[in-house]
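The values are calculated or read from the model by the stated rules, or taken from the named source; none is laboratory data. Computed from a predicted structure; not experimentally measured. Cβ atoms come from the backbone with ideal geometry, glycine included; neighbour counts cover every protein chain shown.
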Amino acid sequence: MKNIPLNERLIFALDVPDAPAARQMVEQLDSTIGFFKVGLQLFLAGGWPVIDHIASRGNKVMLDLKLYDIPATVRLAVEQFAGRGVTFATVHGYGPVVEAALAADADVRILAITVLTSMGKDVLKELNFQGTVEELVRQRTKRVLELGCHGVVCSAREAAMLRSGFGHEFDMVTPGIRPENTAPGDQQRIATPERALQDGADYLVIGRPIRDAADPSAMATAIQRDISKSLNP
């Protein structure tokens, strides 16, 4: 198990509509959570000032833009992250895209998206992939780690398989995390925080269960408490 501070194990997904809402959530939660994920919607709405605000308060940032373009464009895009307080940046797990991101001079850890947690068997059929979701995740993980990728984003359902197959040297970030008795939303491959950690996840991405709680700070604290119990049984 990696030595990761407790307040960084939980990455809060800032799935809010604009910069003021993001600032409010960060200021409400960062006494408990020290890692925040900024996705495409919020980045387009608030841009770099959102990132700057998070980083200026001593927090880490996962910039989750899931880049997928020609290699030269990906490399130049990732280089824009240099010096902006970004710890993790995501790209799709396609070999040339991952290589380009790794070639960027940005001092950012690159995470490859294996298969989106909203994807199920029906989508694989549309892609003419004959295997299972797990087989596709394993195939893509093998390839990106061979290229030197720093880590992957995968559902917790694949965590144990990837740890047993590829070891503990790479970062594993798992979205689709839902505490007991919370709605799954549009996620199909979900798990509880405890299960994800037991199966080898390093970081847990949680958004709506905290954001939509009556008291987001109290919910975050409760989840952190469960995480601590799982790590120190």
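Name every residue in the range 1-29 that is within 18 Å of R225 (Cα to Cα) and part of a helix (DSSP H, G or I), in order of residue number.
Answer for the range 1-29, where residues must be within 18 Å of R225 (Cα to Cα) and part of a helix (DSSP H, G or I): L6, N7, E8, R9, Q28, L29.
Those residues that are small (G, A, S) and touching a helix residue (DSSP H, G or I) at 6+ places or on another chain (Cβ under 7 Å), I need them from the range 189-208; list them, please.
A191, A196, G200, A201
Identify the single condition in (1) outside any helix (DSSP H, G or I); (2) at pLDDT 90 or above; (3) surrounded by fewer than 19 Cβ atoms within 10 Å (Cβ to Cβ) that R163 does not satisfy, given that it satisfies every other one.
(1)
Which condition does V61 not pass, out of (1) of a type outside the set (D, E, K, R); (2) over 19 Å from P20 (Cα atoms); (3) modelled with pLDDT of 95 or more, if it passes all the others?
For V61, the exception is condition (2).
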